[in-house]
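First comes the structure, then the notes that go with it.
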Amino acid sequence: MDGADRRVHRVARRHDASHAVGNGGSRIGRADLGLSVTVVVAGRTAPNRAVRFGGEHGELDRRGRLDVAGLTVPDAVGFRVGPETSVAQTAEILGVASDPDPSLSTLDVGRWRGQSPEAVAADLPLWFGDPNARPHGGETVREFVARIDAALAEAADGDVLIVASPVAQALLCESAERYFAVDVRPASVLTVRHRNCRTRVPRCRYESG
């Protein structure tokens, strides 16, 4: 999770001291690695900096643009780009021209979009503790992770995915229950290694690079 996520967790803990936040996902051994894709996380936006749900829909701020400009992205078999404004701008700075891929759209947080964590603090423990919860009326974490799994299942070895931070978290988490335990920073490049998802194994396994 990035700094914004950590702040959201702090708000949740203040309203429910019994809620425990996990630390870091486990990694898999090199012998288990199959195909791999590169994941580029979109740069920072002003709402990201201010910590607002759905901040990835905003435009990159100056720091976000500078951070993205400093990234090194490997040559790709193909590029897939999420539809959010910050994601499209990240792709543009990197010189990637690709139609938006709605299957890689960010987590739908419903009526929380644009809200601060303090404004919805009473509902945060439920949100963090139950992947089937939808206190905002949008998408559950379990639905979101399953949707991103399905999108990854169509990836080819060597693809580059340019996505919002929540999508990168879903790509890296071991399960919906471990979604909030994943560390993702804006304007970062990760390697996602997985078995051949086109064989439709029950769940692919990932490793951050």
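The values are calculated or read from the model by the stated rules, or taken from the named source; none is laboratory data. Here the structure is a predicted model, which means the values were calculated and not measured. All Cβ positions, even for glycine, are placed from backbone atoms using ideal geometry, and neighbour counts span all protein chains on display. The accessibility values were calculated without ligands, DNA or RNA, using every heavy atom of the protein model including side chains. Shrake-Rupley method; radii C 1.70, N 1.55, O 1.52, S 1.80 Å.
Computed packing ranks the peptides 141-153, 58-70 as 141-153, 58-70, most packed first, by mean other Cβ atoms within 10 Å. Dipole check for region 85-171: with +1 at the C-beta of Lys and Arg, -1 at the C-beta of Asp and Glu, and the Cα centre as origin, the magnitude is about 340 Debye. Backbone geometry of region 63-76 corresponds, through the Karplus equation with coefficients 6.51, -1.76 and 1.60 at θ = phi - 60°, to 3J(HN,Hα) couplings of 4, x, 5, 5, 4, 5, 4, x, 6, 10, 10, x, 4, 10 Hz, x marking Gly and Pro. Close amide H contacts of residue 54 (hydrogens built in the peptide plane, cut-off under 5 Å, sequence separation of 5 or more or a different chain): 114. Residue by residue, region 43-50 carries 3J(HN,Hα) couplings of x, 6, 10, 4, x, 4, 4, 7 Hz when phi is fed to the Karplus relation 6.51 cos²θ - 1.76 cosθ + 1.60 (θ = phi - 60°); x denotes Gly or Pro.
Highest-first packing order for the peptide set 175-188, 39-52 is 39-52, 175-188, based on the mean count of other beta carbon atoms within 10 Å. Close amide H partners of residue 101, meaning residues 5 or more places away or on another chain with modelled amide H under 5 Å apart, are 81, 82. Take region 47-95 with all the other protein chains still there, run a 1.4 Å probe, and you get 53 Å² of accessible area per residue.
With the biggest extent put first, the Cα atoms of region 47-200 measure 45, 42, 24 Å across the principal axes.
Label zone of residue 119 (point 7 Å out along Cα→Cβ, amide N under 18 Å): in region 125-162 this covers 125, 127, 135-139.
Please report the projected area of region 105-186's Cα convex hull averaged over all directions, in nm².
Quarter of the Cα hull surface area: 5.7 nm².
Here's how it looks for residue 45: its modeled amide H is under 5 Å from those of 61, which are all 5 or more places away or on a different chain.
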